[in-house]
Amino acid sequence: MIKFIQNTGEYFSSNYFDEDFTSKVLSKTGYSADDVKEFNKKISPLKDKYFRFKQLFIEGRLRTKDKIYESHQFHTALLIALGYDGNQPQYSNLFHLSENEVIPVRHILHRGDKVHLMIMEMQALIKGDVFPGCGCRCR
């Protein structure tokens, strides 16, 4: 099975995730097993960065501007690992909610002339008890 999919709560029947599951998923994506391995090489290093990022929030010593900075740094690493240009120093697009409210948009992806996906940066919502049993001192 693909290592990041878990059938928690047994919501899917056991035969759904049989030994052919990975090959079925790969055949639908158009990516090879080597492509997936290459992707995992980019994503795996984020684990340590994430737990460091999470620990900073749990400790509760960061000022608001430090939280924003640390969130931006982690999101940049995540975007780069996912294949996006995460090194943009400033937001070039703003999504207007109203005349006085905007959301900073890091990227807008289009399909043709229509907006297909917006990548926005939001505050981290890390709380100490979100991941019970994760092995870190969350409480």
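Laboratory data are not the source of any read-out in this text; all were calculated from the coordinates shown. These numbers come from a predicted model, not from an experiment. Note: ideal-geometry Cβ built from the backbone for every residue, glycine included; neighbour counts use all protein chains shown.
Counting neighbouring Cβ atoms within 10 Å and putting the fewest first, the residues Tyr16, Tyr91 line up as Tyr16, Tyr91.
List the GluC sites (Glu not before Pro) within the stretch 1-82 that DSSP assigns to loop and that have no more than 14 neighbouring Cβ atoms inside 10 Å.
Working: sites: Glu10, Glu19, Glu38, Glu59, Glu70; in loops: Glu19.
Answer by residue number: Glu19.
About its Cα centre, how strong a charge dipole does the stretch 21-120 have in debye, to the nearest 20, once Lys and Arg get +1 and Asp and Glu get -1 at the Cβ?
Details: 16 positive and 11 negative charges, 77 e Å.
Here the size comes out at about 360 debye.
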